[in-house]
Amino acid sequence: MTPGTIGRLARRAAAALGVAVALVVVTHPLWLAPVVSRWLSSTSGRDVRFGSIRLGLRGDLRPVVRFVGVRIANTAWADPGWPFADVGEAVMTLSWRSLFERLRIVDSLVLRDARIDLERQADGLRNWRLSDPEDRGPGRYRVRSLQAERSTIRFSHRGVDLVLEATSQPSTGDPRNRQGDALPLQLGFRGEWRGQPFTAEVASASTLTFVQTGRSFALRGTLLAGDLQLDLDGRAGDLFRHPLFDADVARAGATLAPVRAVYGAGDVPRGVGKRSWKVAAHAVADASGGRLDALRVALGESDAAGHPAWQLGDHDRLRAELAADLLDVADVEWLAASFAGAGAVREARVAPRPEVAASASASGAREATLVVDAKRLRWARLPQLGRAHVEATVGTGAPSKVTFEVGVARGVARGGIVVNRDADPQTAEVELSAHGVRLESLLPTQAEKKRITGVIDARARLASTRGDGGWLAGLAGSVDATLTDGSIGSLLDAELGLQAFRMLRAWIGGASVLPLRCARVGVDLRDGRGHLRGLVVDTAETVTRGSGSIDLRAKTFDLTLTADAKDGGVLALDRSIHLHGPFGKPERELVPRKEQAKANCAG
């Protein structure tokens, strides 16, 4: 080895030794902690003390900051009963890359024997900002994972009406989740969110992950909020954004008040009672999407099961296919009533920050599809319902669509609804049809002398533009219906024909049934008002035709019926029947005979 080489090595060794000495001096806790304490006390306007601060590197060469004996007073506007921080030891592992960016990434934070109070006002003022206490801008630090030992953390966010206090203690015994993972940490939570108190007890792994770690942790626990109970058992991770899940999940309750509170929708509307409900599934999710295996939903007397799945990306998609033994419309109405007004209240209470709105806009379109196949559909107003199949799709940037097929009165009803809420004004298109529906099954309580039977076939094509008067004010289209292969009670047929002798005979002689060749009606609608295009009832004894109008907005109609007896009639009045007024209680009177257009069953 030449003298020159030896000299170069000596200089390099001296330089390395100098750097090492400089790092030791710069990071020495005996002088670094007092300097930082005085600086932050000055900038924050409150007492800040660090027993020691040491900088170093982990085995993987990531920078580590260790704080011991941290004592920081709370700001003047925060809770005076709490310090901001009283920490025995805190260890922060940082990301090298983030040290040169505005957002600092804390890969892991370890707290030991800590008592911390985090408070945020509605305008963004935070009590944890020490170097610039008045800064209300976006956060500067993001904690990806946390390990808290024998610690208590309280968080208050006045912008969303949230107060949360969490405590951590070593678990007793040997608790494990359903997968057999050890749960050495016992977490207790209590607080209030938008007026709804809650508590939770959770056994978990030592380290909790919050965002962008790709790591899950074991857990098992129960949350209680009012009559709501949420059970978790399995693994979860990255809780704050695109959570990871591989856990059994169950929620149950008797009202949806806690759910509305989380949603930011205020109190449940008055008059909405209690109804037991339960949701249970095995949730599997990651950053690209997830699914609910073995989902079971029970609400009142309704039940459903399925395997919903969702995909996250440029176009978020959710598809849920559910099979139900019984779907009770009363349960669905209760669910809708429980969430009535939720959207408007949420929009008024939760205005997203600009950066959140920009992120949501950049995430692309969203679409959700729900498919329900029920063996039996039950509705108290229409007990003749049977099997039902419903498919609904809603999303951003595209019209909402609903299609259905329902068994009713030994026949079937089908339909489709398309609503474009993004249009200005909003528009809707409806197409409905019914085939093979038995009228006598729909109206089983008809008096025998006025009983009508037959098979209904009907079709409606409607469209509407929503304006100041709502959907009905802009309703336009056509409705056509026919009744065939039926019969009519002799008394009702005589009353339509105003044939006094036949009416008297029906009253004295008892009920009889006449063949009903057909009945047909057509209505053309515009701006919520309808004009009868044709109405005819053709029986063995009489042909009755009609004309008139209907006003859906006012729920009234005006109808004139004129009958012609096929045998000339005996004691038949040469008059017409005028029916008019509200749908439920129309007035009936005889008026001078009005000749009607010669409509027939063929059109």
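The values are calculated or read from the model by the stated rules, or taken from the named source; none is laboratory data. No experiment lies behind these values; they were computed from the predicted model shown. Cβ sites come from the backbone with ideal geometry, for glycine too, and all protein chains shown count toward neighbours. We work out accessible area using only protein heavy atoms, side chains counted, and drop any ligands, DNA or RNA first. Shrake-Rupley method; radii C 1.70, N 1.55, O 1.52, S 1.80 Å.
Key figures
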quantity: Evaluation of Asp248 against (1) of a type outside the set (A, V, I, L, M); (2) open to solvent by 60 Å² or more (accessible area, probe 1.4 Å); (3) touching a residue at least 60 places away in the same chain (Cβ under 8 Å); (4) over 19 Å from Val202 (Cα atoms) (one fails), failing number; calculated: (4)
quantity: Positions within region 269-305 being hydroxyl-bearing (Ser, Thr, Tyr) and either touching a helix residue (DSSP H, G or I) at 6+ places or on another chain (Cβ under 9 Å) or over 30 Å from Phe217 (Cβ atoms) (or both), in sequence order; calculated: Ser276, Ser302
quantity: In region 182-238, the residues that are in a loop (DSSP other than H, G, I, E, B), over 15 Å from Ala285 (Cα atoms) and either within 28 Å of the chain's Cα centre (by Cα) or of a type in the set (S, T, N, Q) (or both); calculated: Arg194, Gly195, Ser206, Thr207, Gly226, Asp227
quantity: Residue in region 312-319 that is in contact with a His (Cβ under 6 Å, 6 or more places away or on another chain) and either free of Cβ contacts under 8 Å to residues at least 60 places away in the same chain or closer than 17 Å to Leu370 by Cα (or both) present; calculated: no
quantity: Residue match in region 536-548 (condition: touching a strand residue (DSSP E or B) at 6+ places or on another chain (Cβ under 6 Å), surrounded by fewer than 18 Cβ atoms within 10 Å (Cβ to Cβ) and not in a strand (DSSP E or B)); calculated: yes
quantity: Filter result for the condition that a residue is among the β-branched types (Val, Ile, Thr), out of contact with any Lys or Arg (no Cβ under 7 Å at 6 or more places or on another chain) and buried (at least 16 other Cβ atoms within 10 Å of the Cβ), over Thr393, Thr403; calculated: Thr403
quantity: Enumerated strands (runs of 3 or more DSSP E) restricted to region 396-491, each holding at least 3 residues that are at pLDDT 95 or above and of a type in the set (Gly, Ala, Ser); calculated: 411-420, 427-438, 452-465, 476-489
quantity: In region 108-134, the residues that are touching a residue at least 60 places away in the same chain (Cβ under 8 Å) and assigned to a strand (DSSP E or B); calculated: Ser108
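Residue by residue, here is whether (1) β-branched (Val, Ile, Thr); (2) at pLDDT 95 or above holds:
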{"position": "Gly289", "(1), (2)": "no, no"}
{"position": "Ala305", "(1), (2)": "no, yes"}
{"position": "Gly313", "(1), (2)": "no, no"}
{"position": "Trp334", "(1), (2)": "no, no"}
{"position": "Ala340", "(1), (2)": "no, no"}
{"position": "Ala351", "(1), (2)": "no, no"}
{"position": "Ala362", "(1), (2)": "no, no"}
{"position": "Val371", "(1), (2)": "yes, yes"}
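Matching residues to (1) under 17 Å from Thr209 (Cα atoms); (2) surrounded by 18 or more Cβ atoms within 10 Å (Cβ to Cβ):
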| site | (1), (2) |
| --- | --- |
| Gly234 | yes, yes |
| Thr255 | no, yes |
| Val268 | no, yes |
| Trp277 | no, yes |
| Gly290 | no, yes |
| Arg296 | no, no |
